[in-house]
1. Could you figure out which of (1) touching a residue at least 60 places away in the same chain (Cβ under 8 Å); (2) in a loop (DSSP other than H, G, I, E, B) isn't true of B:Ala45?
2. Anything in the range B:165-178 that is of a type outside the set (Val, Ile, Thr) and surrounded by 22 or more Cβ atoms within 10 Å (Cβ to Cβ)? List them, or say none.
3. Only residues that are facing chain B (nearest Cβ under 7 Å) and in a loop (DSSP other than H, G, I, E, B): list them for the range A:150-172, please.
4. Tell me the residue from A:Ala100, A:Ala170, A:Ala152, A:Ala159 that is surrounded by fewer than 16 Cβ atoms within 10 Å (Cβ to Cβ), over 25 Å from A:Val64 (Cβ atoms) and over 20 Å from the mean Cα position of the chain (by Cα), please.
5. Mind listing just one residue for me: the one in the range B:122-151 that is under 18 Å from B:Asp175 (Cβ atoms) and assigned to a helix (DSSP H, G or I) and, of those, modelled with the highest pLDDT?
6. Give the residue that is farthest from the chain's Cα centre (by Cα), with candidates limited to residues of the range A:116-149 that are part of a helix (DSSP H, G or I) and within 14 Å of chain B (Cβ to nearest Cβ).
7. Picking from B:Ala211, B:Ala203, which residue would you name as being over 15 Å from B:Asp255 (Cα atoms), in contact (Cβ under 8 Å) with a residue 60 or more places away in the chain, among the small types (Gly, Ala, Ser) and crowded, with 17+ Cβ neighbours inside 10 Å?
8. Go over the candidates A:Ala193, A:Ala200, A:Ala244 one by one and state the one that is under 30 Å from B:Pro98 (Cα atoms) and out of contact with any Leu (no Cβ under 7 Å at 6 or more places or on another chain).
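The values are calculated or read from the model by the stated rules, or taken from the named source; none is laboratory data. Quick caveat: nothing in here was measured; it's all calculated off a predicted structure. No Cβ is skipped: glycine too gets one built from the backbone with ideal geometry, and neighbour counts run over all protein chains shown.
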Amino acid sequence: MTRVGLIRLAVIVAMIGALELACQTGLIRHQTIIPPSEMATSLYALLASGAINADIERTLGIIVIVIAVSIVLGFALGLVIHALPRLREALDPLFATYYAVPIFIFYPVLIAIFGLSPIPIVLIGVATAVVAMIIATLNGLDRVPRVLTKVARVHRLDAVTTAMTLQLPAAAPYLFTGVKLSVSYGFIAVIAAEFILSPAGLGRDIADAYSDFNNRRMYALILFLLIIATVVNTVLHVLDVRWAERRAGGRT
Amino acid sequence: MNAVPRDIHAQLSAVTRVFPGAGNQPPVDALGPIDLDLRKAEFFAVVGPSGCGKSTFLEVLAGLQRPTAGTVTFEGKPVSGEVAEGIGVVFQEDASFPWLTVWDNAAFGLRRSGVAEAEIRRRVDDALAFMGLKGFARAYPSQLSGGMRQRVCISRTLVLQPRLILLDEPFGALDAQTRLLMGDEVLRLWRSTGATVLLITHALDEAAMLADRVGAMSARPGRFIEIIDTGWPRERDSKIVAEPAFGEITGRLWDRLRGESLKALGHAGMTTTAAG
C-alpha cells in the first residue's frame, strides 16, 4: 500500500475508533448511534440468520439492472447525439441543468402509473444515472483526436469498426468516468426510492427499522450498504488506475 | 481515360479545392489549380508558406478529401474521397494508439485486412526491426519519445507495403537533430521499399536533403510555382547537407518562396485588421 493509502486508512480507522469511544463512554447516546462494533456484530447476526437475504437480492438486483441499462443506454444515446450536432446543440442546455432538477419529484407519478413494483424504482434510477453516462460519452468522443478518424479512413475501416476499434478505446477513460458516476447514482437512486416508498428492499428495511426505533438493525443495514458501495467503488478505482497505468505505460 | 505513361505513379490534373465559407463568409480557395505527375519510386517533397494548402494537397491526393475540380489518379485509377489500396499516410500529429503496445500498433492495419497471423508476425517483426523498435515491441507509446512514436506510425504504414507513401510533416514536432536522423531513416525506407514517397514539409533544408524533386508552392490558393530537380544520387544520407549544391538548392527555394511567405503573412495581417 502507498504512503497516501496508509494515511487514508489511518484516518478512517481513527474516525471509527473515535466514534466507538464516544459511544462506549456515553458521549453519544445509544439511542442516537450505536458503537461501530455493535453495528458489525448486529450485521453478522442478520447475515447469518438469512433474514435480509431476499431484500439484498431484490435491492442489488435492481441496482445492477439500473446501472447496466444506464451505461448501455447512455453510451448509445451519447453516440447518436454526438453524430447529430444540431440535436446536441438543442440538448446541451438540458444536460447542463439536468442535475439541478430534483428528479425524485417524478417518483410518485411513476408509482401512480406502474404501481408499487420495481419498475418505478428502475425508471427513477435510470433517469438519475443515464445522463451522467450520456455526458461522459459526449465528452469522451469530443476528445478523440481527429487524426484517428483520418487513420481509420486510411485503413478503409467502416463506421462500426472505427467506433469499436478506435473511438471506443480512445474515449475509454472518459467513458469510465461515466460508468463510475452511473454506479454511484444507481446506488443512491435505488436506496432512496426504496426508502421513500417500496414494499420491500434494503431501503425499505432501513426505513422500517428507523420507524421502529430498532437502531441495531438500522445501523447494521447502513453498514452493509456502506461496505457494498465501498467494495464496488474500490474495484472500479483499481480498474481505472490499472487502465490508466497501461495507457501511460506504467508512468501515471 | 487517356493512357498513363508507365513511369507515372500518381497524377493530378487541374485539381482545385474550395472550402465553403462559414456563415456569411465567402468560399475559401485553398488549392490549385494543380498539375503534377509523380514518377514511380521518386521522392517528391512539397514546401510552401504556412496555410498555402500543402496538407489539403496531400489529403486530396490520398483520397481523404474530394477535389472541387480536376482529377486525381493513382496507378491509372481515379482517386476521389476514398483512400485507395496501396496508399499509406503518416500524419504530423501523433497517431499512435496509446492503448496498444508498439507491436499491436504496427499490426493494427494488417489485422483488419484478413492477413494470416504468421504473415502478420513476420511483417511486423521486420518493420519494427527496420525502424529500430525491436526492443520496444512490448512497450506502450507513452513510454517512447516523440520521434519513436512517429516511427511506430511509420511502421504501421510500412507493414501494409504501400506503393505510395504520403508523409504530412511527420517530423514537424521533433527537434532539429532528431529530424536529420529521421530523414536518414525515411531515405533508407524509400530505397529499400521502392515506394514512391511524397513528403509535405515546411523545412526547406529537409526538402532539399531528402527529395529527388521539390515542388515550391505559392501562398493560398496553393499552386506549384517551381519544381526543382535536386539531382541527388539515390544512395544518399543527411551528410549531403555539407555539399555546396545543398546550399544552392535551399537558396533557390527560399528565393522562390520568400515573396510567397510575405504574401501569406500580409494576407494574415489584412485579415487581422479587417476583423479587429
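1. (2)
2. Passing the criteria: B:Leu166, B:Leu167, B:Asp168, B:Pro170, B:Phe171.
3. A:His155, A:Arg156, A:Leu157
4. A:Ala159
5. Only one residue fits best here, namely B:Arg149.
6. Going through the qualifying residues, I end up with A:Val147.
7. Within the list B:Ala211, B:Ala203, the selection yields B:Ala211.
8. Matching residue, one of A:Ala193, A:Ala200, A:Ala244: A:Ala244.
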